[in-house]
Structure formats: structure tokens, C-alpha cells
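Working notes, beginning with the structure itself.
The values are calculated or read from the model by the stated rules, or taken from the named source; none is laboratory data. Computed from a predicted model, the values in this text were never measured in an experiment. All Cβ positions, glycine included, derive from the backbone under ideal geometry; neighbour counts span all protein chains shown.
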Amino acid sequence: MKLPAGKVPPEILKGIIFRNLGTKRKEVTIEPSQGLDGAVIEVGDKSLVTSMDPITGALNRIGWLAVNVNANDVATFGVQPAFLSSCLLLPENTTEETVSTISRQIDMGAKELGIAVIGGHSETTPNLAFPIVVGCCMGLTERGHYVTAQGARTGNMLILTKSAGMEGTAILAADRHTQLMERIGRADLKKAEEFFKRISVVKEAILAFRTGHVRAMHDPTEGGVAGGIHELADASSVGFKVYGDRIPIAVETLKVCKFFGIDPLQLTASGSLLIAVEKVFADEVLETLRNSGIAAAVIGELLSSPEKRLVVREDGEVEKLVRPVSDHLWAALKR
């Protein structure tokens, strides 16, 4: 089986990767599973949350993105990210200036979030076309004081912050600037590029967690909001019904996606946060977020049957929500 670009398909994760996890250790209380953003290790009276992600396909801000995307995963546990290790894989003939640029980007992103860069590795790697930055982020909390994507329950409301496809929109606006300028215009293209500034979900994740009403959170990245909803449902063994007209999509994202002929719900979506919350507390969580300047909307509810993965279209038609095979960013970058 030839794998698609991007994330390894769920059946490969379950059938191969999750069956080869080394030694079982009692300190690992949350281990790898479909839909989880990271792991939890118990150390004395503390819980250590750790997560790892690479940044590929983004030529601009690659170091800054590596910090923020990894920090987002830790924050989905309701835990403040604190430490980062990074691995820089660089094409042959990379200049010192490139190394300096990426390092300064990592430094800037880490300082913005109060994260210490504690180590890593850097090398030039044969046959690479572009740099790759892999990050491992960690955060400490009181033992057991966190949520996971496994905690959602039937009847929970599903909240989405900000809007769909923001990271993919920003990447395409930056990397395909000349192409898009002719069709979209300078003003909208500039707004699209500025979506980078909204990629962090640390603030909203911590705010939501502190309400005490959150059952689960998930950071939709590759595969977009559509993929993220499926992953949260996988983790919690629930189904869902979401409403297409309630999922916020920025005008700039719609224009970029129309140009490349891609689906905004299947476009990499760092910057958005999925939150499962008990129905009676949904308004309180929304108010908390909005009072801090974070846009948020209830986009659906969770169902008892894991097989029911539904989207209600604007005309009222109900159909299965597509599960992305590969993020639509990859298709756009080939054009």
C-alpha cells in the first residue's frame, strides 16, 4: 500500500505503529492512541504532558510554526507548555544564514509562550528538498490535572474556536503569493498571510480548561477541521452531528480554497481548537472565550454511536462527513 502525503492513515497506525510501542512502563498513564495529541507520564506528584510534531511544507516561519504547533498539542490537555526540544533536518548546501533564521524563529516563538528550548539536534540530510523542523514539547501540571481527547461524552456540545483552515490559508498565501495576487488581490492576501499570528491555541485552551466544564479538547492540524472532528470522535468512541453552516470559515480562506479547488474543511487547521463541553455549560465556555477576544461557536453535538459521523448541509441534507485521505494543502502545493 502506497501511503498518501501527510499523516499516516488510521488503519496503519492501529495495525502497525500502535503494535510496536516498546516496553510498557507504569509511569505512562496516557499512551499513544488514535486521536490523541500527546502522552502523559506520571513523575512523583506531577503529570508530564509531551507531544511531537514536524513542520513540513511551510517555507516561511518554519521554526516559529514548530514551536506553536507543538505547544498547541500540549495545551489541548489544559496544560501550559514549558519545554521544547527541536530537530533541524536541513538540505545539503544549506547556508549559515538559513540556520540562523530558523533558530531565531524558534527563539521568538518560544519566548512568546514562555517556553525554554532545552536541546535537540541539527544536521544536513541528503536528498532533502526543503528544511524540516521536528519539535517535542512538554508541560508540567499537578498529577491528574488535565483532560484528553478521550474524555468527550454523548450529548456534549462541540465548540470550534476561530475559523477553519487558517494555517493552510496562511501557508498558501505566503508560498504562492505571486499566483494568488493576480486573483485575490493585495488586501485579502495580506489578511490571509496574517493568519499566522492566530495559530496559537494555548490561550483559549487554558481559558476553557479553567472553567472546569471541558471534557475533551483536540487541535485539528493535518486533515483540517473535518479530520480533527473524526480524530476526537475516534479518541472518545463517539459519533457526531455537525452543521456545515455553523462552521466558521474566513472569507480569505474561501477565496484561497476556491483558487486551488480544495475543501477548506480538509485544509490544515492549526489555530482552531475543538472543545467538547457538557451542554448546560456550553454558553459559559463560549462567554469565557469571547470575553477574551476569542471567536468561538457551537458547531454540533456528540452522538452515542461511533458509526454516526454526520454533517447537516445548509439545505438540510444530512450526509457523512468526509474523512480526509490527505490534507488538501498537499494538493494545492502541487499546483
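For the structure I just gave you, tell me whether Glu193 is assigned to a helix (DSSP H, G or I) and more than 19 Å from Gly293 (Cβ to Cβ).
Considered against the rule, which asks whether it is assigned to a helix (DSSP H, G or I) and more than 19 Å from Gly293 (Cβ to Cβ), Glu193 comes out as yes.
Out of all the residues in region 294-315, which are outside any strand (DSSP E or B) and either acidic (Asp, Glu) or more than 20 Å from the chain's Cα centre (by Cα) (or both)?
Across region 294-315, the qualifying residues are Ser304, Ser305, Pro306, Glu307, Lys308, Arg313, Glu314, Asp315.
Condition (residue is in contact with a Leu (Cβ under 6 Å, 6 or more places away or on another chain) and of a type outside the set (Gly, Ala, Ser)) applied to region 223-231: is it met by at least one residue? Break it down stepwise before answering.
Restricting attention to region 223-231, the residues satisfying the condition of being in contact with a Leu (Cβ under 6 Å, 6 or more places away or on another chain) are 224-226, 228.
Next, from what is left, pick out any that are of a type outside the set (Gly, Ala, Ser): 225.
The answer is yes, given that some residue of region 223-231 is in contact with a Leu (Cβ under 6 Å, 6 or more places away or on another chain) and of a type outside the set (Gly, Ala, Ser).
Tell me yes or no: at least one residue of region 71-80 is surrounded by fewer than 21 Cβ atoms within 10 Å (Cβ to Cβ), under 23 Å from Thr221 (Cβ atoms) and not assigned by TED's automatic domain parsing to the domain that holds Ile275.
Our first condition is that a residue be surrounded by fewer than 21 Cβ atoms within 10 Å (Cβ to Cβ); within region 71-80, this holds for 80.
Remaining after also requiring under 23 Å from Thr221 (Cβ atoms): 80.
So of that shortlist, the ones also not assigned by TED's automatic domain parsing to the domain that holds Ile275 come out as 80.
Yes: one or more hits.
When only residues in region 92-145 that are among the charged types (D, E, K, R) and within 27 Å of Val201 (Cβ to Cβ) count, which is surrounded by the fewest Cβ atoms within 10 Å (Cβ to Cβ)?
By that ranking, first place goes to Glu142.
Just checking, does region 226-241 include any residue being among the aromatic types (Phe, Trp, Tyr) and within 16 Å of Ala164 (Cα to Cα)?
no
Considering region 5-29 alone, what residues qualify as being more than 19 Å from the chain's Cα centre (by Cα) and either touching a residue at least 60 places away in the same chain (Cβ under 8 Å) or closer than 17 Å to Ser51 by Cβ (or both)?
Ile17, Phe18, Leu21, Glu27, Val28, Thr29
Please work out which residue is surrounded by the fewest Cβ atoms within 10 Å (Cβ to Cβ), limiting yourself to region 55-70 and to residues that are assigned to a loop (DSSP other than H, G, I, E, B) and among the hydrophobic types (A, V, I, L, M, F, W, C).
Leu59
Condition (residue is under 19 Å from Val214 (Cβ atoms), outside the structural domain of Asp37 (by TED's automatic domain parsing) and assigned to a loop (DSSP other than H, G, I, E, B)) applied to region 276-285: is it met by at least one residue?
Yes, because at least one residue in region 276-285 is under 19 Å from Val214 (Cβ atoms), outside the structural domain of Asp37 (by TED's automatic domain parsing) and assigned to a loop (DSSP other than H, G, I, E, B).
Could you please let me know if Leu158 is touching a residue at least 60 places away in the same chain (Cβ under 8 Å) and under 30 Å from Ile247 (Cβ atoms)?
For Leu158, the condition - touching a residue at least 60 places away in the same chain (Cβ under 8 Å) and under 30 Å from Ile247 (Cβ atoms) - is met.
Out of Gly212, Gly185, Gly224, Gly168, which single residue is on the phi > 0 side of the Ramachandran plot and at pLDDT below 95?
None of the other options fit; the residue is Gly185.
Conditions tested, residue by residue: (1) farther than 17 Å from Val202 by Cα; (2) among the polar types (S, T, N, Q); (3) modelled with pLDDT under 95.
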position: Val256; (1), (2), (3): yes, no, no
position: Asp263; (1), (2), (3): yes, no, no
position: Phe281; (1), (2), (3): yes, no, no
position: Gly293; (1), (2), (3): no, no, no
position: Ser305; (1), (2), (3): yes, yes, no
position: Val318; (1), (2), (3): yes, no, no
position: Ala332; (1), (2), (3): yes, no, yes
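For region 190-202, state whether one or more residues are of a type in the set (A, V, I, L, M), touching a residue at least 60 places away in the same chain (Cβ under 8 Å) and out of contact with any helix residue (DSSP H, G or I) (no Cβ under 6 Å at 6 or more places or on another chain).
No - not one qualifying residue is present in region 190-202.
What are the residues in region 245-272 that are among the aliphatic types (A, V, I, L, M), in a helix (DSSP H, G or I) and crowded, with 19+ Cβ neighbours inside 10 Å, if any?
Once the filter is applied, which keeps residues that are among the aliphatic types (A, V, I, L, M), in a helix (DSSP H, G or I) and crowded, with 19+ Cβ neighbours inside 10 Å, region 245-272 yields Val256, Leu265.
One line per residue, one yes/no per condition, for (1) assigned to a strand (DSSP E or B); (2) modelled with pLDDT of 95 or more:
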| residue | (1), (2) |
| --- | --- |
| Asp37 | no, no |
| Glu42 | yes, yes |
| Val49 | yes, yes |
| Asp53 | yes, no |
| Asn72 | no, yes |
| Phe77 | no, yes |
| Leu89 | yes, yes |
| Thr94 | no, no |
| Thr101 | no, no |
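Is it the case, given these coordinates, that Ala226 is assigned to a helix (DSSP H, G or I) and small (Gly, Ala, Ser)?
yes
Look at Ser292 and say whether it is farther than 20 Å from Pro9 by Cα and either free of Cβ contacts under 8 Å to residues at least 40 places away in the same chain or not hydrophobic (A, V, I, L, M, F, W, C) (or both).
Taking the combined requirement at face value, the residue satisfies it.
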